[in-house]
Amino acid sequence: MCGITGFAERRHDAEQARRIVKGMADLIAYRGPDGEGYYVDECVALGHRRLSIIDLEGGKQPMFNEDGSLVVIFNGEIYNFQDLRAELEQAGHTFATRSDTEVLLHGYEQWGKELPGKLRGMFTFVIWDKARRTMFGARDIFGIKPFYYYNVDGLFLFGSEIKSFLAHPGFHKELNEERLPEYLSIEYIPNEETMFRNVYKLPSGCMFTWQDGDLQVERYYTIRYHVDESKTLEEWEQKITETFAESVAAHQIADVEVGCFLSSGVDSSFVVNEVAKGTPHVKSFSVGYAEEKYSELPYAQAFSKEIGVPSIANKVDADQFFAANRVIQWYLDEPMPNPAEVPLYFLAQNARKYVKVVLSGEGADELFGGYPMYCQAVHFMDYAHKVPRPLRRAIGKVASHLPEGVKGKHFLVRGGEEPWQRYMRANYVFLDPADRDRYLKKNYHSPRPETFFKPYFDKVAGLDEPTQLQWVDMHTWMLYDILLKADRMSMANSLELRVPFLDREMLDVALSIPQRFRSGKEQTKIALRGAALKQLPASVAKRRKLGFPVPLNDWLRQDKYYAMVKEKFTGPVAEKFFRTDELVRLLDDHKEGRAKNMTKIWSFYSFILWYELYFVNSKAPAEIYQK
């Protein structure tokens, strides 16, 4: 696990380019504190920061093939590298190290652009082909590892994090202000754009080729459902159990100690239980709060005790939470107002004192049907089967005029809409964009948030609604929120986080399971919970989803934290973008108990902190680089 960065252009001064690329890598040094390496020629500059996990001595990067014609930098882990290595050796390739990185070099020699499709793992990599003067790179099929690029006026910048671009004098830093409304409604931008103009995310399952200023992005993998109706629920439970055991074993490959994150839910418990079978004293890490009603610690500690694994826990208080949020917005590159990122940051910080690698449960909900909205979609699906579309639309229009509070109104109104129109993540912060817009100083003439998701729904229009939601979540929510904060909060603490649910073999199983075995009208993750129930206590296997609950709602009503937020809500950044009187009213209504505005408050507050860091102070928090 590492951080990569670099740039390419038609020609540059190599000595100057080396200084620049080192500065770029220094800004993400926490991703790889164990070493650094660079390759520079008259056309490209590649930088690498290493966190040593496999082949601690021999895996240094950049790495070259035998004749030096290819050079690679790589972030991630390839879990099937040993099988690929054996195949390549049989084809006549000679290896100089035990690292998975070298498989990329020989794999590219052997298979060219077919290489990414053969990889099982989490990765981004860049290969510079000196002879062809071509740069080739790819991102894993889930987007577990990040990759950003900037391609303007012949300069191609790339990196694991956007902040590395700040060290390049050719990078024109500019706010992508037109996307501010979408950020405020959704909490992230649900496509390849970022909050920096002309900076883009390489989509999951995609590869790119750069040659002489021309950039081509292609998809090498598409997630497609291929449902198998021939198996019983019990057979699917067994298939999940067997495949997950193999995935966990693959994800434990390392030359350093591996631990586990453990919350109160079934996903992380399933991971810890599986790891403990082969590593009885695996360390489990949990986080909580002094406020008992928000803390998952009692559940996590009781489970770890039951299966006999060490439990290492830490608690976060309000002062720590608010103090950390500033540096967290720097680590994230883009503003993100999900409060769960803060306990995750402290969880990773504590775990790094003991291990270099942890396994975690991300991805199980999206693959196996774990969110309550999938159950709601089953109800809508049944309604659609019973009532023709024109009649549903007519009923919805009539229902929209009913008084608020009338039982069933919401269902009938939403039932008259298309799945993309009622996708709850589109209007996650503000139910109505008109409510959002009254806080904005400008009229951005932005389309309704749900229209950003319509292209995703269009690609899976033939699937049932719960399955459509899962597919869209995999390509948006999971990619731009769940995996982003998992990567940033772990790497901020130089900790590698691995996700055994997000594995090619697990995905193949998940895409085969019939919808009725994923989510029902009342139950989520039916097949996965059934598999877990055979190994875990019923209290764990059946526990409802909590996520990372936080006491932020209560803290914002306390004078100290209210004052901290109000200071920002009346400051120069707020004045630049927002109607500050409306912001203060929003905050006051929450403090006095007239409304529950935590999510809205935190969205504005996080943006202001982020903007101050990247556009006002334009300097990283000093404590980050003084560790």
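The values are calculated or read from the model by the stated rules, or taken from the named source; none is laboratory data. Not measured: the values here are computed from a predicted model. For neighbour counting, all protein chains shown are included, and Cβ atoms are generated from backbone atoms with ideal geometry for every residue, glycine included. The protein model used for the area step is the full one, side chains on, heavy atoms only, and it has no ligands, DNA or RNA in it. Shrake-Rupley method; radii C 1.70, N 1.55, O 1.52, S 1.80 Å.
When only the Cβ of Lys, Arg, Asp and Glu is charged (+1, +1, -1, -1), the dipole of segment 264-414 relative to its Cα centre reaches about 620 debye.
Summarising the strand pairing of the chain, around 80 percent of its internal DSSP beta bridges are antiparallel.
Positive-end ranking of Leu70, Gly143, Pro339 along the dipole of the chain, with charges on Cβ about the Cα centre, is headed by Pro339. In this structure, the pairs whose alpha-carbon distance is over 23 Å, taken from Lys397/Lys521; Lys118/Lys525; Lys201/Lys576; Lys113/Lys485; Lys118/Lys277; Lys293/Lys315, are Lys397/Lys521; Lys118/Lys525; Lys201/Lys576; Lys113/Lys485; Lys118/Lys277. Solvent-accessible surface of the chain, taken per residue with a 1.4 Å probe and all protein chains present: 38 Å². Using only alpha-carbon positions in segment 50-120, the gyration tensor eigenvalues give semi-axes of 17, 14, 12 Å once each is multiplied by 5 and square-rooted (largest first).
Cα gyration tensor of segment 9-167, axes a ≥ b ≥ c as square roots of the eigenvalues: rounded (a/c below 1.5), prolate (a/b > b/c) or oblate? Provide the component values of the computation, followed by the final result.
Numbers: a/c = 1.62, a/b = 1.42, b/c = 1.14.
Taking the square roots of the gyration eigenvalues as a ≥ b ≥ c, segment 9-167 is prolate.
Each Lys or Arg adds one and each Asp or Glu subtracts one; over the other residues with Cβ under 12 Å from the Cβ of Asp589, this totals +3.
Above 32 angstrom, tally the Cα pairs of the chain and express them as a % of all pairs, no decimals.
Details: 97546 of 196251 pairs.
Of all Cα-Cα distances in the chain, 50 percent exceed 32 Å.
Report note on the peptides 388-401, 120-133, 334-347, 15-28: ranked by the mean count of other C-beta atoms within 10 Å, highest first, their order is 334-347, 120-133, 15-28, 388-401.
Just so you know, the Cα atoms of segment 309-408 work out to an Rg and Dmax of 22.2, 61 Å. Computed 3J(HN,Hα) for segment 157-169, one whole-Hz value per residue from the Karplus formula 6.51 cos²θ - 1.76 cosθ + 1.60 where θ = phi - 60°, is 9, 8, x, 5, 9, 4, 4, 5, 5, 4, 7, 9, x, glycine and proline marked x.
The slack between Ala394 and Ser539, meaning 0.36 nm per residue of separation minus the straight C-alpha distance, is 47.8 nm.
For Met63, the residues whose modelled amide H falls within less than 5 Å of its own, excluding neighbours fewer than 5 places apart on the same chain, are Val72.
Provide the FRET efficiency to the nearest 0.05 for the Gln16-Thr222 pair, computing r from the beta carbons and using R0 = 45 Å.
On the way: r = 41 Å, r/R0 = 0.92.
The formula returns an efficiency of 0.60 here.
Working from Cα pairs under 8 Å separated by at least six residues, relative contact order for the chain is 15 percent.
A quarter of the convex hull surface defined by the alpha-carbon atoms of segment 1-67 gives 4.8 nm² as the mean projection. Shape class of segment 208-267 from the Cα gyration tensor (axes a ≥ b ≥ c, square roots of the eigenvalues): oblate, since a/c reaches 1.5 or more and a/b does not exceed b/c. Electrostatic bookkeeping for Gln421 treats Lys and Arg as +1 and Asp and Glu as -1; over the other residues with beta carbon under 14 Å from its beta carbon, the sum is +3.
Which of the peptides 524-531, 216-223 is most tightly packed, and how do the rest follow, going by the mean number of other Cβ atoms within 10 Å of each residue? Walk me through the numbers before you get to the answer.
On the way: 524-531: 24.0, 216-223: 13.5.
Top of the packing list down: 524-531, 216-223.
Distant-in-sequence amide contacts of Leu175, defined by a placed amide H-H separation under 5 Å and a gap of 5 or more residues or a different chain, comprise Arg197.
Surface composition of the chain: carbon and sulfur atoms hold 49% of the protein heavy-atom accessible area at a 1.4 Å probe.
A simple spin-label model places pseudo-atoms 7 Å from Cα toward Cβ; at Leu431 and Asp458 they are separated by 3.0 nm.
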